[in-house]
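Quick notes on the structure that follows.
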There are 2 protein chains.
Amino acid sequence: MLPPSRFDVSGERLTAVYDLHGDPSLARGRAEALCVEQTIEFPADLVPDDSIRSDVIGRIESEERLTDDLVRTTVSYAVETTGHELPQLLNVLFGNSSLLPGIKLVDVHIPASLRRYLGRPRFGIEGLRSLVDAPRRPLLATALKPMGSSPERLAAFAYDLAAGGIDMIKDDHSLANQPFAQFDARVKACADAVGRANEDTGGRSLYMPSINAPFDELDARLGTAVDAGAGGFLVMPGITGFDHMRAVAARNDVALPIMGHPAFLGGYVSSPVGGISHGVLFGTLMRYAGADMSIFPNFGGRFSFSERACREIADACSSGIDGVPAIMPTPGGGMNRGRVSEMIDFYGHDVVLLIGGDLHRGGELRANAEAFRRAVS
Amino acid sequence: MLPPSRFDVSGERLTAVYDLHGDPSLARGRAEALCVEQTIEFPADLVPDDSIRSDVIGRIESEERLTDDLVRTTVSYAVETTGHELPQLLNVLFGNSSLLPGIKLVDVHIPASLRRYLGRPRFGIEGLRSLVDAPRRPLLATALKPMGSSPERLAAFAYDLAAGGIDMIKDDHSLANQPFAQFDARVKACADAVGRANEDTGGRSLYMPSINAPFDELDARLGTAVDAGAGGFLVMPGITGFDHMRAVAARNDVALPIMGHPAFLGGYVSSPVGGISHGVLFGTLMRYAGADMSIFPNFGGRFSFSERACREIADACSSGIDGVPAIMPTPGGGMNRGRVSEMIDFYGHDVVLLIGGDLHRGGELRANAEAFRRAVS
């Protein structure tokens, strides 16, 4: 037995909801083990009746048997376990429990005292609408592609797309620093092209380069993008880490909107009985990491997300959290203009509709962009 | 149709092997779609007979029907698609395909021309053995815990564990910068304690603090750790990103060994028909990101990994790759001294045995550490 530890904590607690798949008669014991695993990861019988036992080990708040093989368990943790840092918050929520069988993280609630240390979408729905001067309509986004195109060609596409009225023109997430179109040259050419289109048409389109770089070059690429006149950033937290996105969102010297991209995150949602729910991953965590928009594959495209998963994401993007603005769900993934009205029916007007390659059909990029814009106006 | 693009590529290609679960008659079409998805993500019928078609779109190299609902497909990609950067390599391997149903990444082969731009374990098996002066025996590791302990208590544990002959004493992965034991004070106290133990016993133990910090503080914590006399680092690529680990491993001004920890990565291996195989995630990718040791939950502990999954990881840690040293599999997760001989039988001598809380049983930490050490000598 350890000697007792005595200290005070604030009493503020965060809450995580886990679905425990498997024999319900084992759920209580699994939940108790989870409370230990996510915090002290130490034999509980060696901890005396002290502050570690009362305040550091997670606490089971409720249990609900949902089916014959599913118990939903709510666990709370002292905010001090996170050190008030997002990386350690991720660890508390799902660090080791991600490796345990049959546990899915399905909801997260963060108290205000911890929220102020996490990411905050700088723009959110209202800020984005103001930036692109679109008070009510759905916003439009597209991607510059295909990989292998030269900076000049991507810039020509960017001009046509901006002139055609697309609000946000992002790099395809596959564009990094390839020899076909290296980052510096591409970003300069595309930012210039979107700037010219805005001048020519009076538009307010934003160019958002992809900040997917080696760790030690992330800040330099961000700086290059800002200097070139980028209007925002595409960030992939599955690759560069959720806290990278938070750090970009927190920089007052940058102050541009962020699109979170789901690349490499799919593994977390590929099992019905493990991983993280669509809503928590692509809604809640994206928001607490500072994304203003969260891209995800819409149902009925070439990906696997169900209508229900997409609803869950949209709800998590807009649920009321004091001090954390609602953000724009950004469904994409094989979408086309024929689905615009259906998408608006499903998501409402607070949505960014992301259509990529389909705008190249027929070869009239600007005309296609204009038609896309008319479809939502 | 796009106008044709013409350029030269090196001809060097990397290879990814995907298991496509589902109707085998659909596998060819799914593989073709995958080749597009992971590269140009653009309607293939709009790409003419040009360099993008021949050199940028992935290429199906082989297909093998393994069962009635599983086809194993090997796809190659031009190294240029990665821009010779690890983050974009991850994107090419499994960025969007992580979001497609029924696709599991099960093997990766990187040509030498690309390998030299990725991470490289600085020490590997031989380097680690030399550092701790243990030419042949299994190495021993443990973790400082539980969270809630003061720096003084953790340092006292560190002294006893080092004096008892444990080679590598890491922070528990849950130790970040909590008020119970803030990073600077904890790391200084624990590094000092391990240093004193080494002086007192003539040992070569290494203290490895956890570098899990906000993005904009990662470098500062690394510097603090080095200045305090840390002997290595615990890094969590599931939280701070695989390329963060690569960047740490690449720093010649640091030059200390790295333990990769699996926190938050479990989601990738929770589905039998999706995500990433255990070997690729905890072996191949850890190695290409510069880990000298890869921690994972051993079979038969409190986690879910099977004996087969552990074998796969161990094999991937040591498979022959020119210029990329073999690394130490580091099984842990609820292990105890009673399992040492079984673990050595299974993994051989090139292994780091990680036992945490069990060394506190009976209250004689140093004596338990000495017994653990005797068990492998």
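The values are calculated or read from the model by the stated rules, or taken from the named source; none is laboratory data. Everything numeric here is computed off the predicted structure, so don't read it as measured data. Cβ coordinates were reconstructed from backbone atoms using ideal geometry, including for glycine residues, and neighbour counts include every protein chain displayed.
Residues of the stretch A:32-74 that are of a type in the set (A, V, I, L, M) and touching a Ser or Thr at 6+ places or on another chain (Cβ under 7 Å): A:Leu34, A:Ile52, A:Val56, A:Ile57, A:Ile60.
Does B:Met335 satisfy the condition of being over 27 Å from B:Tyr18 (Cβ atoms), in a loop (DSSP other than H, G, I, E, B) and in contact (Cβ under 8 Å) with a residue 24 or more places away in the chain? Yes, satisfied.
Residues checked against (1) closer than 27 Å to A:Gly102 by Cα; (2) more than 14 Å from chain B (Cβ to nearest Cβ); (3) out of contact with any helix residue (DSSP H, G or I) (no Cβ under 7 Å at 6 or more places or on another chain):
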position: A:Pro4; (1), (2), (3): no, no, yes
position: A:Cys35; (1), (2), (3): yes, no, yes
position: A:Asp49; (1), (2), (3): no, no, yes
position: A:Ile60; (1), (2), (3): yes, yes, no
position: A:Glu63; (1), (2), (3): yes, yes, no
position: A:Leu70; (1), (2), (3): yes, yes, yes
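If you go through the stretch B:127-152 and keep only what is of a type in the set (Asp, Glu) and more than 14 Å from chain A (Cβ to nearest Cβ), you end up with just B:Asp133. Among the candidates A:Ala314, A:Ala291, which residue alone is in a loop (DSSP other than H, G, I, E, B), among the hydrophobic types (A, V, I, L, M, F, W, C) and more than 14 Å from chain B (Cβ to nearest Cβ)? When all the criteria are applied, what remains is A:Ala291.
When the stretch B:339-369 is limited to residues that are outside any helix (DSSP H, G or I) and away from every other protein chain (no Cβ under 14 Å), the one that is surrounded by the fewest Cβ atoms within 10 Å (Cβ to Cβ) turns out to be B:Gly348. All of A:Ile60, A:Ile52 fail the test of being of a type in the set (A, V, I, L, M, F, W, C) and farther than 25 Å from A:Gly279 by Cα, apart from A:Ile52. I'm trying to understand the selection: among the residues of the stretch B:291-338, which are buried (at least 18 other Cβ atoms within 10 Å of the Cβ), over 24 Å from B:Phe233 (Cα atoms) and among the polar types (S, T, N, Q)? If the condition is that a residue be buried (at least 18 other Cβ atoms within 10 Å of the Cβ), over 24 Å from B:Phe233 (Cα atoms) and among the polar types (S, T, N, Q), then B:Ser304 is the only one that fits. Checked against (1) surrounded by fewer than 23 Cβ atoms within 10 Å (Cβ to Cβ); (2) under 20 Å from B:Leu26 (Cα atoms); (3) over 20 Å from the mean Cα position of the chain (by Cα), B:Ala134 passes all but condition (2).
A:Arg373 satisfies every condition listed in (1) buried (at least 19 other Cβ atoms within 10 Å of the Cβ); (2) farther than 23 Å from A:Met236 by Cβ except (1).
How many residues are buried (at least 17 other Cβ atoms within 10 Å of the Cβ) and either closer than 12 Å to B:Val254 by Cα or over 21 Å from the mean Cα position of the chain (by Cα) (or both) when one looks only at the stretch B:222-234? Total meeting the criteria: 9.
Annotation: of all residues in the stretch B:241-264 being under 14 Å from the mean Cα position of the chain (by Cα) and part of a loop (DSSP other than H, G, I, E, B), the one that is farthest from B:Asn91 (Cα to Cα) is B:Pro257.
Listed conditions (1) within 12 Å of chain B (Cβ to nearest Cβ); (2) surrounded by fewer than 23 Cβ atoms within 10 Å (Cβ to Cβ); (3) of a type outside the set (Asp, Glu) are all met by A:Thr39, apart from (2).
For the stretch B:151-204, the set of residues classified as among the hydroxyl-bearing types (Ser, Thr, Tyr) and either touching a residue at least 40 places away in the same chain (Cβ under 8 Å) or under 15 Å from B:Ala230 (Cα atoms) (or both) consists of B:Tyr159 only. Can you work out which of the residues in the stretch B:92-103 that are crowded, with 24+ Cβ neighbours inside 10 Å, at the interface with chain A (Cβ under 7 Å from one of its Cβ atoms) and in contact (Cβ under 8 Å) with a residue 12 or more places away in the chain is farthest from the chain's Cα centre (by Cα)? Applying the filter and picking the extreme gives B:Asn96. Within the stretch B:105-156, the set of residues being assigned to a loop (DSSP other than H, G, I, E, B), charged (D, E, K, R) and over 30 Å from B:Ile276 (Cα atoms) comprises B:Asp133, B:Arg136, B:Arg137, B:Lys145.
Checking each residue in the stretch A:250-276 for being more than 11 Å from every other protein chain (Cβ to nearest Cβ) and either touching a Ser or Thr at 6+ places or on another chain (Cβ under 6 Å) or surrounded by fewer than 24 Cβ atoms within 10 Å (Cβ to Cβ) (or both) picks out A:Asn252, A:Asp253, A:Val254, A:Ala255, A:Leu256, A:Gly260. Hey, could you check the stretch B:1-33 for residues that are surrounded by fewer than 19 Cβ atoms within 10 Å (Cβ to Cβ) and hydrophobic (A, V, I, L, M, F, W, C) and say which is nearest to A:Gly267 (Cα to Cα)? Checking each candidate, the answer is B:Ala33. Residue check: is A:Ala112 within 30 Å of B:Arg221 (Cα to Cα), touching a residue at least 60 places away in the same chain (Cβ under 8 Å) and loosely packed, with under 15 Cβ neighbours inside 10 Å? Yes, satisfied. For the stretch B:219-249, the set of residues classified as without any contact (Cβ under 8 Å) to a residue 40 or more places away in the chain, within 23 Å of B:Val351 (Cβ to Cβ) and more than 8 Å from chain A (Cβ to nearest Cβ) consists of B:Phe233 only. When B:Ile321 is tested against (1) out of contact with any Ser or Thr (no Cβ under 6 Å at 6 or more places or on another chain); (2) among the aliphatic types (A, V, I, L, M); (3) in a helix (DSSP H, G or I), exactly one condition is not met: (3).
Could we say that A:Asp216 is facing chain B (nearest Cβ under 7 Å), surrounded by fewer than 24 Cβ atoms within 10 Å (Cβ to Cβ) and part of a helix (DSSP H, G or I) here? For A:Asp216, the condition - facing chain B (nearest Cβ under 7 Å), surrounded by fewer than 24 Cβ atoms within 10 Å (Cβ to Cβ) and part of a helix (DSSP H, G or I) - is met.
Could you tell me which residue of the stretch B:157-190 is farthest from the other protein chains (Cβ to nearest Cβ), considering only residues that are among the acidic types (Asp, Glu) and in a loop (DSSP other than H, G, I, E, B)? Only one residue tops the list, namely B:Asp167.
How many residues does the stretch B:258-313 hold that are aromatic (Phe, Trp, Tyr) and under 24 Å from B:Glu126 (Cβ atoms)? So the count comes out to 3.
Screening the candidates B:Val56, B:Val71, B:Val9 for the property of being without any contact (Cβ under 8 Å) to a residue 60 or more places away in the chain, of a type in the set (Val, Ile, Thr) and farther than 19 Å from B:Val106 by Cβ yields one hit, B:Val56.
Yes/no per residue for (1) at pLDDT below 95; (2) farther than 24 Å from A:Ser130 by Cβ; (3) not aliphatic (A, V, I, L, M):
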site: A:Asp292; (1), (2), (3): no, no, yes
site: A:Phe303; (1), (2), (3): yes, yes, yes
site: A:Ile327; (1), (2), (3): no, no, no
site: A:Leu359; (1), (2), (3): no, yes, no
site: A:Ser377; (1), (2), (3): yes, no, yes
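A single entry from A:Ala44, A:Ala27, A:Ala33 fulfils the requirement of being of a type in the set (Gly, Ala, Ser) and either over 30 Å from B:Pro237 (Cα atoms) or touching a strand residue (DSSP E or B) at 6+ places or on another chain (Cβ under 6 Å) (or both): A:Ala27.
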